[in-house]
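There's a structure below that I have some questions on.
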Amino acid sequence: MSVPENVAAVRHRIAEAARTAGRQSEEVTLMAVSKTASVKSIREAHAAGVRVFGENRVQEFSGKASQLVDLHDTEWHMIGHLQPNKAGRAAELFTAVDSLDSLRLAGKLNAAAQQFGTRLDLLIEVNVGGEAAKSGVAPDSAELQLVLQSAGEWGHLRFRGLMSVPPFSEDPEATRPYFRRLRELRDQIAARNLPRVEMNVLSMGMSHDFEVAIEEGSTCVRVGTAIFGARDKA
Ligand SMILES: *Cc1c(COP(=O)(O)O)cnc(C)c1O
């Protein structure tokens, strides 16, 4: 299957899942996760109407971004772990960082965005499964509370919601409790009405489980394999 055919198939799946959940498919943004995908494939997805892309490495995207500067109407999101020493480059390259996982990183991103005279949208990445190998703040951590309480001080950042990569399971139903947990956490934070904290976005669901995520309230599904095909496990 070609990239445009895959995009159409994914859009159909999103529409079906939204209908099952009694939601509008327009409430769900399709993010094409283009890590390891070629510039040509990214252009094909863009031609098929995709306007939001996710990349997980600053260096990899840095090489591709210079060949994609003509795609003005496009959002480029950083979705992988970001080392604070790469915050400056990330703030320059990306529209948004969806993987904010520390107070230190937030401070560095704010300083970088200030330097470039821009504003950066952020999602806080939450490690809902408590897995040691995954990044993200723990749902009950002091780090999460510190980030939320400090948000008002960072004039160049806007906290738009939460993102999570739950523990992998072949069975999407097994992931449902983690999606629900993230939504509940979002609702709790939103109810506090903290300055610069909006919490409208819930980024959850990947190629094999995004239907369940949409049923649990996802507003952004991050789809790589189902659009660009299997990645080489190099
Ligand atoms: C790779 C990746 C995805 C996409 O996963 P697929 O299973 O290929 O759809 C989504 N989110 C993050 C954070 C990723 O790193």
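The values are calculated or read from the model by the stated rules, or taken from the named source; none is laboratory data. Computed from a prediction, not measured in an experiment: that's the story for all the values here. Note: accessible area is taken over every heavy atom of the protein model, side chains too, but ligands, DNA and RNA are not part of it. Shrake-Rupley method; radii C 1.70, N 1.55, O 1.52, S 1.80 Å.
Would you grab the residues whose amide H sits under 5 Å from the one on Leu100? Only those 5+ places off in sequence or on another chain, please, with H modelled 1.01 Å from N.
Here the answer is Leu123, Glu125, since their amide H atoms fall under 5 Å of that of Leu100.
Let me ask something else about it. Where the accessible area of the stretch 178-234 is counted over protein heavy atoms with a 1.4 Å probe, how much of it, in %, is carbon and sulfur?
Of all accessible area on the stretch 178-234, carbon and sulfur atoms account for 46 percent.
While we're here: Show me, for the stretch 151-156, the HN-Hα J-couplings you get by feeding each phi into the Karplus relation (A = 6.51, B = -1.76, C = 1.60, θ = phi - 60°), rounded to Hz, glycine and proline as x.
Once θ is set to phi - 60°, the couplings for the stretch 151-156 become 3, x, 7, 9, x, 9 Hz.
Also, I was wondering about something else. List the residues whose amide H sits under 5 Å from the amide H of Thr29, counting only those 5 or more places along or on another chain, with H placed 1.01 Å from N in the peptide plane.
Cys220, Val221
If you don't mind, there's one more thing I want to ask. Give the share of C-alpha pairs in each 10 angstrom bin for the chain, from 0 to the last occupied bin, in whole percents, shortest bins first.
Percent of pairs per bin, in order: 8, 33, 38, 19, 2.
Measuring with a 1.4 Å probe in the full set of protein chains, what accessible area per residue, in whole Å², belongs to the chain?
46
For the pairs Lys64/Lys86; Lys64/Lys108; Lys35/Lys108; Lys108/Lys134, note any where the Cα-Cα span goes beyond 19 Å.
Flagged as over cut-off: Lys64/Lys108; Lys35/Lys108; Lys108/Lys134.
Using a 1.4 Å probe on the protein chains only, how many percent of the accessible area of the stretch 1-157 belongs to carbon and sulfur?
It is 49 percent, rounded to a whole number.
Using the Karplus equation 6.51 cos²θ - 1.76 cosθ + 1.60 (θ = phi - 60°), what ³J(HN,Hα) coupling, rounded to whole Hz, does each residue of the stretch 172-181 give in order, writing x for Gly and Pro?
x, 5, 5, 8, 3, x, 6, 4, 5, 4
Pull out a ≥ b ≥ c, the square roots of the eigenvalues of the alpha-carbon gyration tensor of the stretch 109-149, then state rounded if a/c is under 1.5, prolate if not and a/b is larger than b/c, and oblate in the remaining case. List each step's numbers first, then the result.
On the way: a/c = 3.39, a/b = 2.19, b/c = 1.55.
Prolate.
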